[in-house]
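Here is the structure we will look at, set down as structure tokens.
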Amino acid sequence: MEYIHHTEALELDKVLKMVADRASMSDAKELALSLRPETKLNDVMTLINQTDDAFRLSSGYGSPSFGNAKNITNALARAKNGGVLSMRELLDIAEVLRIIRSLKEWRAHCENVESEYISPFFDILLPNKYFEDKILTSIRSEDEMDDNASPRLRDIRRKIHSSELNVRDRLEKMVRSSQYSKFLQDAIITQRDGRYVIPVRADSRNEVPGLLHDTSSSGATLFIEPMAIVEINNEIRELLVKEKEEIDRILAELSGEVATFAPNIVTSYEATVQLCVIFAKASLASTMRACKPQLNDEGRIYLKNARHPLLDRKTVVPVTIPLGEEFDTLIITGPNTGGKTVSIKTVGLLTLMAMCGLLLPVSDGSRISVFNNVLADIGDEQSIEQSLSTFSSHMTRIINIMNVADEHSLVLIDELGAGTDPVEGAALAQAILMKLREKGAKIGATTHYAELKSYALETEGVCNASCEFDVQSLKPTYHLHVGLPGRSNAFAISTRLGLDPDTVALAEGLVKDEDARFERVVGALETAVREAERDRAEAQRIKGEMEALKSTRKAQADELQRNRDKAMEKAREQAGAIVDRARAEAEKLLAELEALKKGNGDVEERIRRARAEVKGGIRKMEEAADPIERQAEGGGFAAPLKKGDRVMMVSIRKEAIVLEDQKGDEVQISVGMIRTKVKINDLKPIEKSKGTVAKTRTVKKATNPDGNIRNAQSEIDIRGFTGDEAALELDRFIDNCVMAGLNTVWIIHGKGTGALKKAVHAYLRTNKSVKEFRFGVYGEGEDGVTVVTLK
């Protein structure tokens, strides 16, 4: 039995033609059509990974160009044996070298994509830019050698050109002279046998001395080479001979170099052909929206949302087919044209495609097994009235399959046991399945026999499957239900088509009671399965909507935060500009006052007040330009929160509405369109009247050694001060805090240019009352505040 019969029955040849159509090189097309399934797991994994590498490279960087490179192995072999190649053959070699170079450059460009399995082919490629350029600069076309091929050829052609100009010049004078023009048939110059001649009338032969080279068909015109140019024509002929000799010499020289480079060129060409096929596979995978399956050699198959690659991708109904895991035999039943045959063909064809290194049109998570044999008996006839010869042919193929099948075989049989007496056919089909199972084969079979449905229900390791049929529309849906036996629907279809109800009722009465009960159970099971699938689809739809809503709300929250940050940054920039202008004006004013002081000592009090006012104004503007955000603390509710309460969400400073009564330390709230659960300590009551946020922390009362009560603030705001002024203020401030017994104090200096911040830190390093200091964290003002720990 020839293995090719089974690949053709499953239409692998058509898929390989699709691969070949995507290969541009003729040798690659032939190689694609000659692909045969590999039977070793490691070999198949290598082929699949090569295709996957090419698929990922093509997806990221586009497919490389292979052009239409021709097979040059014969030319290279002749060159190695001392033969001289033609200009056409040398140009073909240059084209192959160009493609090899471009492939190497393309791969270097794809540096960020790993390609462990395809990289060895690129590593084999050996570009030869030197020889490629030499051929292309020497040969202009397959019929013409370039003048630059050699200095001698250029010199010869220059002399030929000069001699031809000389000849044409002399002949031009003759045909236009009054002495000879009257004897010419036409005032033209032409060539005969490579020599320049003029057309002379036959009756004026003796008037133009020269050599006769040709006569017109009518005999009225003689083509004569005037004696005046015979010598020049002879020179031209000699130069043409020298030109041909030089061209032959150049071709021989190039052919000799070809022989030198031949081994590397052959190796690179073969790798190029392999790459062309691999990228053709990747191109087909892209068209089919295919992916890489998980491979095994244990007979385990799980095809998720598999699509037959030869059917229209827009209309084909995906099917999910398991085999070889929970059961080793799948029996598919259902009406004619319902998709039974396509289902088992899909299993067989996708298995063969994977074994050829092709990606599969399935969803992620699919699994496929490598088999030693993929054996199929699939016919296209669907009629129940088959001839004996058809049954004989059918049985002959099954006998051959049974002789070959073993535990490493996948067996696919369409309409098992059909074409003979139904009772005998069903018994024979069951016996064949039992024998194939004894051999350990994985089996997929289609049938109409109710006996096989019962066999699947009663036998462990055998599973029913059915192709759905819509009785209302009298059309198959092509959905495959694994675990559910199919119904013939003969009575329902006949009724829908208009058969007399009495006849249908009579037929139903003739059916055995147990068969009728079986059909009713199957019908009820079908209805339950359809309802369950509808419920599952609805659940999936709701889940998708919830995920989309969740994603939308997260995006809205992120956008809200981004807009807030942008607004804050813009406000800081605007306020900063205002402060800069105000500072410049204040400094100008102070300078004027100092000048006034020098002129009149009575104005010192006015200067002091003006300086205080200026500094106060600057401090207020800096507070606006560089706000120090405080993380307020939440909580503090007198009673548990109730549904409908309005609260403030501390972390984002937004009002919220409580959606349910408080239970524990969390509560569900609504902030605008967003619903979320938050901790109680992230919420606080909304104040009835909003005022300005205090910039000072709590005041601590302490008892001095003399028994007096003294108050001290734990925070000081020195924005707008100079370094010296800040040092004086900090001296007094820290002294008061030490006397009050405070351990931690906050110094607000702002961010600004950083000069004041540096001056503060320099001062703190010299103060003996300071134990340590740090920048504020989030909620304390960050690097606009320094937190000081006192000794």
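The values are calculated or read from the model by the stated rules, or taken from the named source; none is laboratory data. Quick caveat: nothing in here was measured; it's all calculated off a predicted structure. No Cβ is skipped: glycine too gets one built from the backbone with ideal geometry, and neighbour counts run over all protein chains shown. When the accessible area is computed, the model is the full protein with side chains, heavy atoms only, and any ligands, DNA or RNA have been set aside. Shrake-Rupley method; radii C 1.70, N 1.55, O 1.52, S 1.80 Å.
A few remarks follow.
- Listed by first and then second residue, the pairs with beta-carbon distance under 7 Å, at least 6 apart or on different chains, first residue in the stretch 51-68 and open to solvent by 30 Å² or more (accessible area, probe 1.4 Å), second modelled with pLDDT of 90 or more and among the hydroxyl-bearing types (Ser, Thr, Tyr), are Phe55/Ser286; Ser63/Ser283; Ser65/Ser102; Asn68/Ser24.
- Note on the stretch 733-760: residues that are of a type in the set (A, V, I, L, M) and either assigned to a strand (DSSP E or B) or in contact (Cβ under 8 Å) with a residue 60 or more places away in the chain (or both) total 3.
- Ser115 open to solvent by less than 10 Å² (accessible area, probe 1.4 Å), of a type in the set (Ser, Thr, Tyr) and in contact (Cβ under 8 Å) with a residue 60 or more places away in the chain: yes
Yes/no per residue for (1) over 13 Å from Arg195 (Cβ atoms); (2) open to solvent by 20 Å² or more (accessible area, probe 1.4 Å); (3) acidic (Asp, Glu); (4) part of a helix (DSSP H, G or I):
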{"position": "Ile229", "(1), (2), (3), (4)": "no, no, no, yes"}
{"position": "Glu235", "(1), (2), (3), (4)": "no, yes, yes, yes"}
{"position": "Glu238", "(1), (2), (3), (4)": "no, yes, yes, yes"}
{"position": "Lys244", "(1), (2), (3), (4)": "yes, yes, no, yes"}
{"position": "Glu257", "(1), (2), (3), (4)": "yes, yes, yes, yes"}
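- Flag for Ser366 being surrounded by 17 or more Cβ atoms within 10 Å (Cβ to Cβ) and within 20 Å of the chain's Cα centre (by Cα): yes
- One residue stands out in the stretch 305-358 among those that are among the acidic types (Asp, Glu) and free of Cβ contacts under 8 Å to residues at least 40 places away in the same chain: the one that is surrounded by the most Cβ atoms within 10 Å (Cβ to Cβ), namely Glu325.
- Test: Leu126 is open to solvent by 70 Å² or more (accessible area, probe 1.4 Å) and aliphatic (A, V, I, L, M): yes
- Taken over the stretch 415-459, the residue count meeting the criterion of being open to solvent by 60 Å² or more (accessible area, probe 1.4 Å) and free of Cβ contacts under 8 Å to residues at least 24 places away in the same chain is 7.
- Leu103 vs. criteria outside any strand (DSSP E or B) and either touching a residue at least 12 places away in the same chain (Cβ under 8 Å) or surrounded by 13 or more Cβ atoms within 10 Å (Cβ to Cβ) (or both): yes
- Residue ID - modelled with the highest pLDDT, chosen from residues in the stretch 658-675 that are part of a strand (DSSP E or B) and surrounded by fewer than 15 Cβ atoms within 10 Å (Cβ to Cβ): Glu666
- In the set (1) of a type in the set (Lys, Arg); (2) open to solvent by less than 60 Å² (accessible area, probe 1.4 Å); (3) touching a strand residue (DSSP E or B) at 6+ places or on another chain (Cβ under 8 Å), Arg168 fails one condition alone, (2).
- Selected residue (only one of Lys700, Lys643, Lys695 is under 54 Å from the mean Cα position of the chain (by Cα) and either at pLDDT 75 or above or open to solvent by 70 Å² or more (accessible area, probe 1.4 Å) (or both)): Lys643
- Residue match in the stretch 714-725 (condition: part of a helix (DSSP H, G or I) and open to solvent by less than 30 Å² (accessible area, probe 1.4 Å)): no
- In the set (1) in contact with a His (Cβ under 8 Å, 6 or more places away or on another chain); (2) open to solvent by 30 Å² or more (accessible area, probe 1.4 Å); (3) farther than 22 Å from Val241 by Cα, the condition left unmet by Asp186 is number (1).
- If you filter the stretch 199-227 down to residues that are open to solvent by 60 Å² or more (accessible area, probe 1.4 Å) and assigned to a helix (DSSP H, G or I), you find that the one that is farthest from Asp169 (Cα to Cα) is Asp203.
- Qualifying positions in the stretch 433-453 - over 13 Å from Leu330 (Cα atoms) and in a helix (DSSP H, G or I): Lys435, Glu438, Ala450, Glu451
- Complete set of residues in the stretch 3-44 that are of a type in the set (D, E, K, R), closer than 21 Å to Val347 by Cβ and part of a loop (DSSP other than H, G, I, E, B): Glu11, Arg36, Glu38, Lys40
- Tally of residues being outside any helix (DSSP H, G or I) and either at pLDDT 85 or above or not small (Gly, Ala, Ser) (or both) across the stretch 393-432: 14
- Selection count, the stretch 143-161, where residues are of a type outside the set (Asp, Glu) and open to solvent by less than 70 Å² (accessible area, probe 1.4 Å): 7
- Of the residues making up the stretch 726-766, those that are touching a helix residue (DSSP H, G or I) at 6+ places or on another chain (Cβ under 6 Å) and more than 15 Å from Glu715 (Cβ to Cβ) number 4.
- Residue count for the stretch 469-511, restricted to those that are at pLDDT 75 or above and assigned to a strand (DSSP E or B): 5
- Qualifying residue in the stretch 761-783 (condition: surrounded by 19 or more Cβ atoms within 10 Å (Cβ to Cβ) and either assigned to a strand (DSSP E or B) or of a type in the set (Val, Ile, Thr) (or both)): no
- Matching residues in the stretch 11-62 - criterion: being more than 15 Å from Gln274 (Cα to Cα) and of a type in the set (Val, Ile, Thr): Val15, Thr39, Val44
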